[in-house]
Amino acid sequence: MDATPQNIDGFSELNLVRHQMSLAGPRDYYALMKPRVMSLVVFTAMVGLICAPASMNPVLAVASILCIAVGAGAAGALNMWYDRDIDAVMNRTKKRPLPAGKMAPSSVLAFGIIMSVASVLGLSIAANYLAAGLLAFTIFYYFVVYSVWLKRRTPQNIVIGGAAGAFPPMVGWAAAGGGITTESLALFAIIFLWTPPHFWALALYKQGDYGKAGIPMMPNVRGAKSTRLQIFIYALILTASCAYLATTSLGSPLYMVVAGFLNLAFIVLAFKVWRSNAGDDVMGLDAASLYKVRVGEKAARNLFAYSILYLFALFGIIAASHILSGFGG
């Protein structure tokens, strides 16, 4: 078999890879890790670690969170490697490092694999094997189950695949020696139920983008009207899961009050989406911005934006009430 690199417009494949790598900078590697998603993953994992019943050495706790962050970034890089074809045709993703031609696919794949292995091994040393195993499964689930299997095949991709984003607080809880408990499962359930309304709100005003890429998001397959109703139903179920958390050791009067207001606002915004025309007009080009929308789609945009603040605030009050209860005790 001829191992000589093939010429491509005067460049060998090896030279092409070198040329692409020369275009990539630290910001491109950082972008591969999906920093917006990673920040939410790290924060919810940190809350799980803080709220676990067992205490943890501060240095090992920081090391554990760092390993979880690296694992989340690794999953993001692997996702970008696999999705580089569809990222190239979507307005909001076409400037990512791979579709922009700044990096070679082989480099991104190697980057993702190396970080995956390093994060799992690091967490096994800093924390324990259960936490490391959960982190490994989370990376596997996001890449193989969601990216490879579900994303391009079913409108339930976000529902089933959303489990990947719900595991981090369980990883943090296990890292602190808390094992798998009712509380950690309740934290998992909150993020799992939050994911569909969060992403479907985005999909309502980005369905043109998803349609071009051939991704069967709920509005593209079941229609905008059905999606809007499902968003509202999930908002109600999400509120119930937050109420259930109040019955566990993580519940407190402060949590119940703040969570009540946060969920009331979520329900109101979801109701406005249900009663709106968001997603009905699929004509025209989707804007590259996540938040620039047409007038009829503002309700969906508002819910999407609020849902991000909602999850940060909800998990923030869970951690704060736990810390305050410790001072009170």
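Computed from the coordinates by the stated procedures, all read-outs in this text should not be read as laboratory data. As the structure is a prediction and not an experimental result, all values here were calculated from the model. With ideal geometry, Cβ positions are generated from the backbone for all residues, glycine too; neighbour counts draw on all protein chains shown.
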Calculate the spin-label point distance for Gln156 paired with Val62, positioning each point 7 Å from the Cα along the beta-carbon direction, and give it in nanometres.
4.4
Would you please calculate the Kirkwood hydrodynamic radius of the stretch 20-178 over all C-alpha pairs and express it in Å, rounded to one decimal?
15.8
Relative intensity, log₁₀ I(q)/I(0), of the chain from a Debye sum that treats every alpha carbon as a point, q = 0.07, 0.08, 0.09, 0.14 Å⁻¹:
-0.31, -0.40, -0.51, -1.13
Whole-Å distance linking the alpha carbon centroid of the stretch 48-90 with that of the stretch 227-256 is 25
What nm value, rounded to one decimal, do you get for the distance between Ser55 and Lys95 when each label is placed 7 Å out toward the C-beta?
4.8
If the elastic network links every pair of Cα atoms under 10 Å, which of Pro196, Pro99, Pro26 fluctuates the most in the Gaussian network model of the chain?
Pro26
How would you order 245-254, 109-118 from highest to lowest mean count of nearby Cβ atoms within 10 Å?
109-118, 245-254
With labels modelled as points extended 7 Å from the Cα through the Cβ direction, what inter-label distance (nm, one decimal) is found for Lys298 paired with Ile237?
3.1
Cα gyration tensor of the stretch 159-272, axes a ≥ b ≥ c as square roots of the eigenvalues: rounded (a/c below 1.5), prolate (a/b > b/c) or oblate?
oblate
